[in-house]
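The values are calculated or read from the model by the stated rules, or taken from the named source; none is laboratory data. Please read all numbers here as calculations on a predicted model, not as lab measurements. All Cβ positions, even for glycine, are placed from backbone atoms using ideal geometry, and neighbour counts span all protein chains on display.
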Amino acid sequence: MQATLATAIEIVRLQNIQTYMVNAIQFNKLRKAPDIHVGQEVLVFTQQLSLLCMSVCTFNLNLQLCWIQHSRPGRSGKLSWAWKGPYEIEAISHDQYSLRPSPTSNHRALNQVHAQRIKAYHRPEVPVLAIKNTSL
C-alpha cells in the first residue's frame, strides 16, 4: 500500500512539473523584453491583488480562492491610480529594476520592481502659446 501511494505521489509530481514547463513555454511565447534603459523615466503599476479567503470543501476537496483588489482606505479601487511615477531607472538586474524618484516627483525610491510592472513614461509636451500685443 505504501509503495503504491509513493508511486502515485511521484507520478503526480512529475505531471505537475511537465504542466508547469508547458505553461511556461506558452506564457513566454508572446512575451518580449521591455525596451527600457538606465536613466529613462518609467511608471510603476501599483494596484495589488491579495488573498482574501481560502475555503476548502471537505466533501470533494475543492479549493476556492477569493482575490480582492487593494486600494487606499476610504477610497474606491475603481478611482485609484493604477500607475505611479515617474521614476528613473537606477540599475537593471535581469528582470528586476531598481528605481529612484524622478526630480519632478515626490515618491520614495523602489528596489526590486519586476519588468512586468513597469512601462515607459512619456512626458507630455507643454504647448507654447504666442501672446499677442493688444496694446492700443
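Observations on the structure shown:
- In region 108-135, residue modelled with the lowest pLDDT [restricted to those that are among the β-branched types (Val, Ile, Thr) and either surrounded by 10 or more Cβ atoms within 10 Å (Cβ to Cβ) or not in a loop (DSSP other than H, G, I, E, B) (or both)]: Val113
- Selection within region 86-102 - crowded, with 16+ Cβ neighbours inside 10 Å and in contact (Cβ under 8 Å) with a residue 24 or more places away in the chain: Pro86, Tyr87, Glu88, Ile89, Tyr97, Leu99, Ser102
- Breaking point among (1) surrounded by 11 or more Cβ atoms within 10 Å (Cβ to Cβ); (2) in contact (Cβ under 8 Å) with a residue 24 or more places away in the chain, for Ser105: (2)
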